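This report refers to the structure that appears directly beneath it.
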Amino acid sequence: MSIKNDNRPIGVYDSGLGGLSVWRELHAKLPNESLTYLADGANCPYGGRAKEEIRSFADQAVGKLIAEGAKMVVVACNTATAAAIDFLRAKYADTPIVGMEPAVKPAAMATRTGVVGVLATAGSLGGDLFLRTSARYADRAKFVTAVGEGFVEIVEDSQESTPETEEVVRRVVEPLLEAEADQIVLGCTHYPFLREVIEKVIGERDVTVIDPAPAVARRVEQLLDEFNIRASKENQAHYEFLTFAETDYLNRLKKKAANIILR
Ligand code: DGL
């Protein structure tokens, strides 16, 4: 197969700023790929919304990214993946679309206590995707789940480092630890921004926190090769940011992305 290059951007979409945890991995792993990040912003949070509503937001967002010239779209949102991935793949069949998989498998393989904690939104935990994946590994692990109540709002407002945040996180994470979970899966792309706080709550316990973003970035790389659409080695990557919310939100989005790169 001859190598074709495709310097069009990869589109990355989330309800808000959380998908930047996936964007960060793509940025680090695929430095010559341009990225166009779309944060809905106008309808965030998605977590407690009806599936049909989320599907229509996701349709609008993915349609926009493709209209902006995306060669591939990463749905960097577990909730939107759970509600809409099959629909999106059917509707935009010419564009490879990568969704978020709850990292249940690696957690089930690694657990020593036999208990895996899964943190996600209500929409993700109630979706078929999580139910199917967790059922597949039910013989290896018991899954205890918790909705990260308030987590998305904290990340949207960049309040990750306040004492109040530690309390909010402790309230959600402690029951998982009490249930003897030794793996905690971050099943919402906003939650990796709270990783430090989660690890602080975990303290000295031997518990592993699993962020699926690196696995998603590997999947993206695989698909770039499968579809023969990698950017050329000389390509100067461009990073674009879009939102359905107001200008102030766009500024916050760009600021968070810049902070990630500088860290
Ligand atoms: N970041 C999203 C996820 O991965 C959605 C959070 C929300 O909007 O509730 O589930």
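The values are calculated or read from the model by the stated rules, or taken from the named source; none is laboratory data. Keep in mind that what you see is a predicted model, and the values were worked out from it rather than measured. Cβ sites come from the backbone with ideal geometry, for glycine too, and all protein chains shown count toward neighbours. In case anyone asks, the SASA skips ligands and DNA or RNA and just uses the protein heavy atoms, side chains included. Shrake-Rupley method; radii C 1.70, N 1.55, O 1.52, S 1.80 Å.
Tabulated results
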| read-out | value |
| --- | --- |
| Residue-span extension gain [R219 to A93] - 0.36 nm each, minus C-alpha spacing | 43.6 nm |
| Inter-probe distance in nm under a simple model that places probes 7 Å from Cα toward Cβ, at R140 and A245 | 3.7 nm |
| Nearby aspartates and glutamates by direct alpha-carbon distance to K233 (threshold 16 angstrom, same-chain neighbours under 8 apart not counted) | D6, E33, E221, D225 |
| For F57, solvent-accessible area (1.4 Å; no DNA, RNA or ligand), Å² | 20 Å² |
| Mean residue ellipticity (222 nm) of the chain, computed from DSSP H runs ≥ 4 via -39,500 (n - 2.57), nearest 500 | -14000 deg cm²/dmol |
| Residue-level accessible surface for T121, protein heavy atoms, 1.4 Å, Å² | 10 Å² |
| Alpha-carbon centroid distance for the pair the stretch 138-196 / the stretch 66-104, whole angstrom | 24 Å |
| Point-to-point label distance, E167-E226, nm (Cα→Cβ direction, 7 Å offset) | 4.7 nm |
| GluC sites (Glu not before Pro) within the stretch 159-263, DSSP loop, no more than 16 other Cβ atoms inside 10 Å | E160, E180, E204, E234, E246 |
| Under 18 Å from K142, Cα to Cα: lysines that are on another chain or at least 8 residues apart | K105 |
| Accessible-area composition of the stretch 1-155, carbon plus sulfur, in percent [1.4 Å probe] | 50 percent |
| Shape of the stretch 180-263, Cα gyration tensor, a/c cut at 1.5 | oblate |
| Protein-only accessible surface order, largest first, of I261, I10 at 1.4 Å | I261, I10 |
| Cross-link pairs K29/K254; K51/K255; K29/K200 - those with Cα-Cα distance over 24 Å | K51/K255; K29/K200 |
| In nm, spacing of pseudo-spin labels at M109 and A237 (7 Å Cα→C-beta vector) | 2.6 nm |
| Isotropic mean projected area of the C-alpha convex hull, the chain (nm²) | 14.1 nm² |
| Relative contact order %, the chain, counting alpha carbon pairs below 8 Å whose residues are six or more apart | 29 percent |
| Cβ-Cβ FRET estimate between K200 and K4, R0 fixed at 41 Å, reported to 0.05 | 0.30 |
| Accessible area of the chain divided out per residue, in Å², using a probe of 1.4 angstrom | 46 Å² |
| Given charges at beta-carbon only (K, R positive; D, E negative), |dipole| of the chain in Debye | 760 debye |
| Of A213, T243, L119, farthest towards positive along the dipole that unit charges on Lys, Arg, Asp, Glu beta carbons give the stretch 107-263 | A213 |
| Cα gyration tensor category, rounded, prolate or oblate, for the stretch 105-204 with a/c compared to 1.5 | oblate |
